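K.L.:
Input: one structure, supplied below.
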Amino acid sequence: MSDPLKDKDLSTRAVHAGERAPRPDFTPVVTPIYPSIGYLYDDMDDLDAIFAGAREGYVYTRYGSPTVTAFEAAIANLEEGQAALAFASGMAAIHAALLGLGLRAGTSALVAQDVYGATYALFDRLLASQGVDVRFLDMADLGAVEGACEALRPRVLFLETISNPLLKVADIPALAQLAHACGAALVVDNTFATPYLCRPLSIGADVVIHSATKYIGGHGDALGGVVVTSTEHRHAMYEVLKMTGANLGPQEAWLLMRGLKTLPLRMARHCANALQVADGLAHMGEVTRVLYPGRPDHAGHRLATRLFGGQGYGGMVAFELRDADQEKVFRFFQALQLCLPATTLGDVYTLVLYPAHSSHRALSAAARARVGIGPGLVRMSVGIEAVEDILADVKQALDTVRYE
Ligand SMILES: Cc1ncc(COP(=O)(O)O)c(C=O)c1O
């Protein structure tokens, strides 16, 4: 084959040299990062067929990219779903999933009252302002859910497997029955539980969503979201994604896929550490209440044992500091030397967060009080460090606050 760069100017060769080598006869063990926005085919008809959806392939990164496809295949496999669709963030995934399910003016949604703050705001402000009838309720009250389903005939029931930040556990099989009886789709945010503990699609959910930024990635260095569902629902959400463009980038897809490989190892350690931290906190004088589904005193303990099959209870712990307000909680955070007061969760590092000023800041004080987020509530994402070191750090910080 003649060299197309032969006799070309330096600036032309600088642009094209080394690119588009003939296809290799090897397969990389790890999926490469494909940053290319455009794709070439030997025959222009192939490009046309891909645009038309008549054959698989890539034309433009907003329509899909090989690294992102690999990540989608991996998460669909772990969540035991037919297909997955990745997004730039967990919120983008939730938004597109709801639009793809047909939530629009004149339809209604039943939403767990203690979902993540931005999810609450998405329903309460954005979707409600666009004419969706949104009702928040306690999903543990199955009678109330049944009544609301019958009265509203909602298009969607939305909840979190383990809620943020109160760590309530949702009875997914029972809620799936109620949703389906009134023609609604059950949408489950499985961010806190991960497929290590629970695969909601296998117990009745129609759509599973993750903020992949959290346990899926696991290292606090990639923002992403993903939806796992049926091929049919994915198709509708993909049409939304092509128009709105909240795509996951290939670099992030690669990082998230690398994170997935150690998800079970990390989750086993997160769960073991969190149980010990929760028990340790319960014996610390400055702590008045510990919320952890792994403790027998948690309202969802038996349900969690059934749903999570004895694998553990997750890495998230919430607790109330005695007589605390924002100022005291902040002093506690500032006294911590190992645990990090950073606004995220699910990383290898132990993280603490004050829901009232970050994850649930979007809620009014009255709305926070209504769902049970008090002024002394702290949320801890227990990392994979040595548990003795985590507990020692919490104890010294509480001692500092007490004696200051
Ligand atoms: C349970 C849950 N769902 C969704 C989100 C939103 O994810 P992202 O920040 O990736 O948009 C978060 C973020 O903290 C979350 O905790």
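Residue by residue, here is whether (1) within 15 Å of the ligand (Cβ to nearest atom); (2) farther than 16 Å from Leu98 by Cβ; (3) touching a residue at least 12 places away in the same chain (Cβ under 8 Å) holds:
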site: Asp221; (1), (2), (3): yes, yes, yes
site: Arg234; (1), (2), (3): no, no, yes
site: Lys242; (1), (2), (3): no, yes, yes
site: Leu248; (1), (2), (3): yes, yes, yes
site: Gln251; (1), (2), (3): no, yes, yes
site: Trp254; (1), (2), (3): no, yes, yes
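K.L.:
Another question, if that's okay. Output the number of the condition that His95 fails; it satisfies all remaining conditions of (1) within 16 Å of the ligand (Cβ to nearest atom); (2) modelled with pLDDT of 95 or more; (3) touching a strand residue (DSSP E or B) at 6+ places or on another chain (Cβ under 7 Å).
P.N.:
(3)
K.L.:
Go over the candidates Val169, Val156, Val188, Val207 one by one and state the one that is away from the ligand (no atom under 15 Å from the Cβ), at pLDDT 95 or above, touching a Leu at 6+ places or on another chain (Cβ under 8 Å) and β-branched (Val, Ile, Thr).
P.N.:
Exactly one residue qualifies, and that residue is Val156.
K.L.:
Evaluate the following for Thr231: is it out of contact with any Cys (no Cβ under 8 Å at 6 or more places or on another chain), farther than 25 Å from Gly183 by Cα and open to solvent by 10 Å² or more (accessible area, probe 1.4 Å)?
P.N.:
no
K.L.:
Hey, among Thr12, Thr69, which residue is modelled with pLDDT of 95 or more, surrounded by fewer than 13 Cβ atoms within 10 Å (Cβ to Cβ) and outside any loop (DSSP other than H, G, I, E, B)?
P.N.:
Sole residue among the options that is modelled with pLDDT of 95 or more, surrounded by fewer than 13 Cβ atoms within 10 Å (Cβ to Cβ) and outside any loop (DSSP other than H, G, I, E, B): Thr12.
K.L.:
Follow-up. Here are the criteria: (1) open to solvent by less than 50 Å² (accessible area, probe 1.4 Å); (2) part of a helix (DSSP H, G or I); (3) under 21 Å from Ser381 (Cα atoms); (4) touching a helix residue (DSSP H, G or I) at 6+ places or on another chain (Cβ under 8 Å). Tell me which single one Val240 does not satisfy.
P.N.:
(3)
K.L.:
So which helices (runs of 4 or more DSSP H) stay within the stretch 76-165 end to end and still have 3 or more residues that are open to solvent by less than 10 Å² (accessible area, probe 1.4 Å) and charged (D, E, K, R)?
P.N.:
Hits in the stretch 76-165: none.
K.L.:
Sticking with this one: How about the stretch 95-112: which of its residues are in contact with a helix residue (DSSP H, G or I) (Cβ under 6 Å, 6 or more places away or on another chain) and not hydroxyl-bearing (Ser, Thr, Tyr)?
P.N.:
Residues satisfying the conditions are Ala96, Ala97, Leu99, Gly100, Leu110, Val111.
K.L.:
Let me ask something else. Could you list all residues from the stretch 166-184 that are open to solvent by less than 10 Å² (accessible area, probe 1.4 Å) and in contact with a His (Cβ under 9 Å, 6 or more places away or on another chain)?
P.N.:
If the condition is that a residue be open to solvent by less than 10 Å² (accessible area, probe 1.4 Å) and in contact with a His (Cβ under 9 Å, 6 or more places away or on another chain), then Leu167 is the only one that fits.
K.L.:
If you check Arg269 against the conditions, is it within 27 Å of the chain's Cα centre (by Cα), open to solvent by 40 Å² or more (accessible area, probe 1.4 Å) and either among the hydroxyl-bearing types (Ser, Thr, Tyr) or under 16 Å from Leu167 (Cα atoms) (or both)?
P.N.:
no
K.L.:
OK, next. Please list, ordered by first then second residue, the pairs with beta carbon atoms under 6 Å, 6 or more apart or interchain, first in the stretch 98-122 and of a type in the set (Asp, Glu), second not in a helix (DSSP H, G or I).
P.N.:
Filtered contacts from the stretch 98-122: Asp114/Ser163; Asp114/Leu166.
The values are calculated or read from the model by the stated rules, or taken from the named source; none is laboratory data. Keep in mind the model is a prediction, meaning the values are calculated, not measured. Here the Cβ is made from the backbone with ideal geometry for all residues, glycine too, and neighbour counts use every protein chain on show. The protein model used for the area step is the full one, side chains on, heavy atoms only, and it has no ligands, DNA or RNA in it. Shrake-Rupley method; radii C 1.70, N 1.55, O 1.52, S 1.80 Å.
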